[in-house]
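The values are calculated or read from the model by the stated rules, or taken from the named source; none is laboratory data. Just so we're clear, the structure is a prediction, and the values are computed from it rather than from any experiment. Don't worry about glycine lacking a Cβ; one is built from the backbone with ideal geometry, like all the others, and counts go over all protein chains shown. Just the protein is used for accessible areas: all its heavy atoms, side chains included, with ligands, DNA and RNA removed. Shrake-Rupley method; radii C 1.70, N 1.55, O 1.52, S 1.80 Å.
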Amino acid sequence: MEEEKNLYVVLGVAREASLEEILAAYQRLAPMCREDSENYDPTDFPIQGLEQQEYWELLNHAYRTLIIPEMRARYDAGYPSEELPAPVRSRAESLALGSSAAIQPPPLIVPASEQVRPHSIVLQCPVQLEELFYGTRKDVSYQRLVNIAGQSELIYQTTSVNITPYMRDGEQIILRGLGNQIGAAQGDLLVVLRQFVHPSFSAKGNDLVCNCHIPLSVAVLGGIVVFRGIDNKTFRLMLDEPYPLLPPLVKVIEGEGMKTRHGRGKLVVKFYVQFLPVPTRLRDETANLLRQIEGAFKRAEDAYN
């Protein structure tokens, strides 16, 4: 069997690996090569040099084959993988959909500080910053093992996760009983919230940080700056103090940050000067004006000293 098609090598496990070791290998490698991952490095995988999509498909094929004892036995016996039966979407799914009450216990959200049981599944859930601010409900889909008629079957499952306005990036939600079912042991589903990068805001705990650009004229002469918060509220700030030598100029607005159980955090606005190129026809006039300003400043400084 060629190495690039050896499913044990794909997962980086020995041929005699236990079911738990196969599960652990898949859960370790899958987040790094899945289609939406930006951290794929071919040198981090047991088989090196493969494209991300190629390894993702190969990894899932290996997992689906080796996690089902009947399919694994046929694979070990030398049957080509393309001739193996594919029960993932056949009897298992039809039974799962037809008798969901028997294999899909009601999810119970518990604090992530509690102990996660063996055979649990870790799932990354991407969210927008606005979803963390307002709260939302998201459907997540994943694969898990269940016992059906005394046999282990790999099924696709979709469940709903309630995200409150008090949750943050990296928050962990445990859904009891929605992980892998190995014999009599029932694992959990651990959902980890991962926030997309926002073009204007970033969350720092309960505070929101907003980067704003102001024209040079406002930085030098002062003026009113208009911007919007994450809830689309309009703010008008008068900037009349000298712009700092080391940017940015920082303003803090109380009670306009992320929602908390007792109110809202702070909105921290960082102002950066937007330098624009000087048109050719204005270069001489601009240069003379800047020299006059610099000269006036130096004379005032000399008089003070």
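A few points about this structure:
- Out of 175, 239, 154, 145, sole residue that is of a type outside the set (Lys, Arg), in contact with a Gly (Cβ under 9 Å, 6 or more places away or on another chain) and under 30 Å from residue 60 (Cα atoms): 145
- Subset of the stretch 1-14 that is farther than 19 Å from residue 152 by Cβ and at pLDDT 80 or above - its residue that is surrounded by the most Cβ atoms within 10 Å (Cβ to Cβ): 10
- Applying the set (1) exposed (fewer than 14 other Cβ atoms within 10 Å of the Cβ); (2) over 16 Å from residue 134 (Cα atoms) to residue 178 leaves exactly one unmet item: (1).
- Matching residues, the stretch 37-49, being within 21 Å of residue 14 (Cβ to Cβ), of a type outside the set (Val, Ile, Thr) and either outside any loop (DSSP other than H, G, I, E, B) or touching a residue at least 40 places away in the same chain (Cβ under 8 Å) (or both): 44
- Count of the stretch 174-206 residues which are of a type outside the set (Ser, Thr, Tyr) and under 19 Å from the mean Cα position of the chain (by Cα): 18
- Selected residue (criterion: modelled with the lowest pLDDT) from residues of the stretch 199-211 that are surrounded by 12 or more Cβ atoms within 10 Å (Cβ to Cβ) and part of a loop (DSSP other than H, G, I, E, B): 200
- Test: residue in the stretch 185-195 that is within 18 Å of residue 31 (Cα to Cα), of a type in the set (Lys, Arg) and open to solvent by 30 Å² or more (accessible area, probe 1.4 Å): yes
- Residue within the stretch 144-160 that is modelled with pLDDT of 85 or more, in contact with a strand residue (DSSP E or B) (Cβ under 6 Å, 6 or more places away or on another chain), closer than 30 Å to residue 231 by Cβ and not hydroxyl-bearing (Ser, Thr, Tyr) present: no
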